[in-house]
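Encoded as structure tokens, the structure appears first; notes follow it.
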Amino acid sequence: MQTGSPHLWGSNEPHVDENGVRRLRFLTRIACIWVFLIVARLFHLQILSHEAYKQLAQSQQQKVLEVRAPRGTIYGRSGEALAKSTSRWSVVLNPRLVPNAEMTAELLSQVLELDAPALLEKMKASQEQNRGGRGVSRRVGALLSEGNTGRACIGRGGSRRARQRWD
């Protein structure tokens with residue numbers, strides 16, 4: 001003799017709970033909407049707003065920061081100066097942004113009083129490292145500042161100056 005519900009003892013077919021199926025469909029729809037919203041937001045950020053975020057990133061990474069921290073002169077017991085603060089001009093060149101390396105090396109060698117072939121060789125060697133620089137006198141810094149074409153960073157600084165700018 002069988003006891004219990006007739007659905008359980010008379011049939012071999014599985015019982016489907018309609019409320020459970022309805023809840024599962026609802027959760028599936030919510031998950032699909034959620035995935036669609038995430039994909040839409042990623043599309044907006046990466047495709048539509050790409051330029052704005054690129055400019056924002058560049059403005060955060062490339063800026064001129066001048067730290068004025070003159071140390072003053074350090075004197076010994078007998079009153080002689082052991083160390084002095086000095087400022088100097090620096091020339092920093094990005095060889096990847098220079099369209100004509102030979103002409104640039106020739107012009108800079110005249111102003112910096114360097115050998116043009118040696119300077120050209122240094123420019124080509126530093127092209128892989130994307131940097132190059134030399135301390136120069138106040139007169140040379142002023143001359144180079146007048147003719148700055150945006151391919152070199154020229155500025156006055158000392159040992160406490162940080163300068164990052166590639167036009």
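Kindly indicate whether any position in the stretch 88-104 is of a type in the set (Ser, Thr, Tyr), surrounded by 10 or more Cβ atoms within 10 Å (Cβ to Cβ) and closer than 28 Å to residue 123 by Cα.
yes
Any chance you could count how many residues in the stretch 105-121 are surrounded by 15 or more Cβ atoms within 10 Å (Cβ to Cβ) and polar (S, T, N, Q)?
Of the residues in the stretch 105-121, 1 are surrounded by 15 or more Cβ atoms within 10 Å (Cβ to Cβ) and polar (S, T, N, Q).
When you scan the stretch 66-79, do you find a residue that is at positive phi and exposed (fewer than 10 other Cβ atoms within 10 Å of the Cβ), even just one?
yes
Those residues that are among the charged types (D, E, K, R) and in a strand (DSSP E or B), I need them from the stretch 48-94; list them, please.
Listed by number, the list holds a single entry, 88.
List pairs: first in the stretch 42-71 and under 30 Å from residue 85 (Cβ atoms), second aliphatic (A, V, I, L, M), Cβ under 8 Å, 6+ apart or cross-chain?
As it stands, the answer is 65/162; 66/162; 67/162; 71/83, since those pairs meet every condition given.
FYI, it's all coordinate maths here, none of it is from the lab. Everything numeric in this text was worked out from a predicted model, so none of it was measured. When we count neighbours, we look across all protein chains shown, and the Cβ atoms used for this are built from the backbone with ideal geometry, even at glycine.
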